Amino acid sequence: MDFEAGEILYVKKPLHWTSFDVVNRIRRVLCRQLDKKKLKVGHAGTLDPLASGVMIVCTGKATKQIESLQEGVKEYIATLELGATTPSFDLEHPIDERYPTAHITRDLVDEKLAAFRGEIWQVPPIYSAVKVDGKRAFDYARKGKEVELKPKLLVIDELEVLRFELPVLQLRVVCSKGTYIRALARDIGIALGSGAHLTVLDRTRVGNVTLEQCWEIEDLLEKIKQIT
């Protein structure tokens, strides 16, 4: 492996790690092992701390490919809890509202999900890194300030129900770059005449890269330490 000339690494991001944590760990071990003060390391697509799964990490000159790698279609397995919402649309914040779910049937789920396939407009979560007037949206949210986020045009290629047992709805989602699965959970909850938030999120594919091709982070770091 030539990390300075450039390597593209497939990594399984652990739960509770930020994407920066993954990049920083790899960079730190590489610099120590190669006896370098600096080395370019970056990732092609952020995952929230409460999500796990496929991350593409580039080193050295391969970081020039990050933009093109980010364009790859993403696949997720998303588990939603229906009938309850949180400010961040996931488990980062506690439940703030509860809603009825007795009226939600599998037929209703299938009917409402149809509207989310193909091109959709999606408003990003306020707890996100979207920039508004030079600041991240989550900076406004943490200060309790309201801010208007503009909807983005996205594509949901596939949306499949894997499990439906109230209040749990598990979906397989294949979507374009920039899709917030947390926001999709929010919008599905509203469409069902209830509420919803994300409880588990696994990214299972980026482009043609699947989980089976990914290094466990500790295994990758051990491999790097073997460089002579």
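Being charged (D, E, K, R) and crowded, with 23+ Cβ neighbours inside 10 Å is the filter here, so list the residues in the range 181-202 that pass it. First the steps, then the outcome.
Here is the first cut: in the range 181-202, the ones charged (D, E, K, R) are 182, 186-187, 202.
Of everything in the range 181-202, those that are charged (D, E, K, R) and crowded, with 23+ Cβ neighbours inside 10 Å turn out to be Arg182, Arg186.
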Strands (runs of 3 or more DSSP E) lying entirely in the range 1-60 (those with 1 or more residues that are under 20 Å from Glu212 (Cβ atoms) and touching a His at 6+ places or on another chain (Cβ under 9 Å)): 8-13, 51-59
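Considering only residues that are in a helix (DSSP H, G or I) and of a type in the set (Val, Ile, Thr), look in the range 166-216 and name the one that is farthest from Pro14 (Cα to Cα). Give the derivation first.
If we filter the range 166-216 for residues that are in a helix (DSSP H, G or I), which is where we start, we get 181-191, 211-213.
When the remaining residues are screened for being of a type in the set (Val, Ile, Thr), the result is 181, 188, 190.
Working: Ile181: 18, Ile188: 27, Ile190: 30 Å.
Checked the range 166-216; the qualifying residue farthest from Pro14 (Cα to Cα) is Ile190.
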Qualifying residue in the range 103-116 (condition: in contact with a Phe, Trp or Tyr (Cβ under 9 Å, 6 or more places away or on another chain) and part of a helix (DSSP H, G or I)): yes
Qualifying residue in the range 17-37 (condition: touching a Gly at 6+ places or on another chain (Cβ under 6 Å), under 23 Å from Ser128 (Cβ atoms) and not aliphatic (A, V, I, L, M)): no
Cβ pairs under 9 Å, 6+ apart, first in the range 87-101 and more than 13 Å from Arg186 (Cα to Cα), second assigned to a loop (DSSP other than H, G, I, E, B) and aromatic (Phe, Trp, Tyr): Glu92/Tyr127; His93/Tyr127
Hits in the range 117-136 (condition: assigned to a loop (DSSP other than H, G, I, E, B) and either at pLDDT 95 or above or not assigned by TED's automatic domain parsing to the domain that holds Leu82 (or both)): Arg117
For Asp107: the one exception among (1) of a type in the set (D, E, K, R); (2) farther than 30 Å from His43 by Cα; (3) surrounded by 13 or more Cβ atoms within 10 Å (Cβ to Cβ): (3)
The range 173-185 residues that are closer than 12 Å to Arg117 by Cα, paired with ones that are modelled with pLDDT of 95 or more and among the small types (Gly, Ala, Ser) (beta carbon under 7 Å, 6 or more apart): Val173/Ala78
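Got at least one residue in the range 61-75 being in contact with a helix residue (DSSP H, G or I) (Cβ under 7 Å, 6 or more places away or on another chain) and either over 25 Å from Ser176 (Cβ atoms) or crowded, with 16+ Cβ neighbours inside 10 Å (or both)? Before the answer, list the steps.
Taking the range 61-75 first, the residues in contact with a helix residue (DSSP H, G or I) (Cβ under 7 Å, 6 or more places away or on another chain) are none.
Looking for residues that are in contact with a helix residue (DSSP H, G or I) (Cβ under 7 Å, 6 or more places away or on another chain) and either over 25 Å from Ser176 (Cβ atoms) or crowded, with 16+ Cβ neighbours inside 10 Å (or both), one finds none in the range 61-75, hence no.
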The one condition in (1) in the same structural domain as Ala183 (by TED's automatic domain parsing); (2) without any contact (Cβ under 8 Å) to a residue 12 or more places away in the chain that Leu80 fails to fulfil: (2)
Residue match in the range 156-164 (condition: in contact with a helix residue (DSSP H, G or I) (Cβ under 7 Å, 6 or more places away or on another chain) and in a helix (DSSP H, G or I)): no
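The values are calculated or read from the model by the stated rules, or taken from the named source; none is laboratory data. None of the values given here were measured: they were computed from a predicted structure. When we count neighbours, we look across all protein chains shown, and the Cβ atoms used for this are built from the backbone with ideal geometry, even at glycine.
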